[in-house]
């Protein structure tokens, strides 16, 4: 992809997703502790829409035990409908910025194996208050809290669950927008880009720290994902605000959007293939290694 395209990846909206956990999990933890014959388990943060929802559907169809989390399960209509179709999928509630809820999550899942932990939840925020000269520092803190601190909170809380599993994989969804090696023209989303760059560093550190425990850490770039239905817009339909600056690039074909399901198919293969050699490196959805 050209540099300009990579720079615009900061606006790819995989995002606004926040983790959750809730009632059905207690039963799962009690019933599925360490049985080697039981299905693999995946916990996905931010599963109410976009990439998280696509991940939930993908693993549910494969027969995995899926804990799909979101901030407001009662409003997650598509996720609830998916749960109705798959009895191996549980919808749960958690806010990854809430320490008490994360502690409750760890207690609920005590003794349960989590083969793959997917830290998908993230927060993009509006573009204007992320420009230098008009920075909204409260928003900056919120974005860092969700995108960087939140995934680390969840990972720390569930580390023993992952360590007890067969696959022992922890996945972080990064962003080309957080790559210093791909920094170029485009919107200077100071908060979002800084938060993702920090997440990349933390994932790399964690990969080294957890390697002696045979836990594999993956850092993936989902691509520029259409989480707002831009690809389905008809002439005259209003364009979502966050995509408006990108429309000239999209219409010219220079910026290629992909659908959540396509992104998840690519990332799921990377997760399957993840090993000690590929851990801690930054991988694009198409399997290419990206610069830091």
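FYI, it's all coordinate maths here, none of it is from the lab. The model shown is predicted, which means the values in this text are computed figures rather than measured ones. A quick note on method: Cβ atoms are made from the backbone with ideal geometry, for glycine too, and the neighbour counts reach across all protein chains shown.
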* Structure fact -> At R0 = 22 Å the Cβ-Cβ FRET efficiency linking residue 278 and residue 232, nearest 0.05, sits at 0.05
* **Computed E for residue 107/residue 252 - FRET, C-beta separation, R0 45 angstrom, nearest 0.05** => 0.30
* **Cα pair count fraction exceeding 17 Å, expressed as % - segment 178-292** => 64 percent
* **Ordering of 281-289, 127-135 by packing [mean C-beta count within 10 Å, highest first]** => 281-289, 127-135
* Determine, for 182, 247, the number of other Cβ atoms within 10 Å of each Cβ, and report the residues in order from fewest to most. => 247, 182
* Contour minus Cα-Cα distance for residue 269 and residue 156 (0.36 nm per residue) -> 38.2 nm
* Asked: For segment 138-209, what is the per residue volume of the convex hull drawn over the alpha-carbon atoms, in cubic angstrom?
  -> 84 Å³
* Structure fact -> Hydrodynamic radius by Kirkwood for segment 71-132, inverse mean 1/r across distinct Cα pairs, in Å, is 14.5 Å
* Structure fact -> Against the 2.2 N^0.38 Å rule of thumb, the C-alpha Rg of segment 222-277 sits at a ratio of 1.42
* Asked: On full extension of the chain, what length is gained from residue 131 through residue 292, given 0.36 nm per residue of separation minus the C-alpha to C-alpha distance?
  -> 55.7 nm
* Protection proxy ranking of 171-178, 199-206 - average other beta-carbon atoms within 10 Å, highest first -> 171-178, 199-206
* Structure fact -> Footprinting proxy, 233, 53: sorted fewest to most Cβ within 10 Å, the residues are 233, 53
* Asked: If you build the Cα gyration tensor of segment 33-140 and take the root of 5 times each eigenvalue, what three semi-axes come out, in whole angstrom, biggest first?
  -> 30, 17, 12
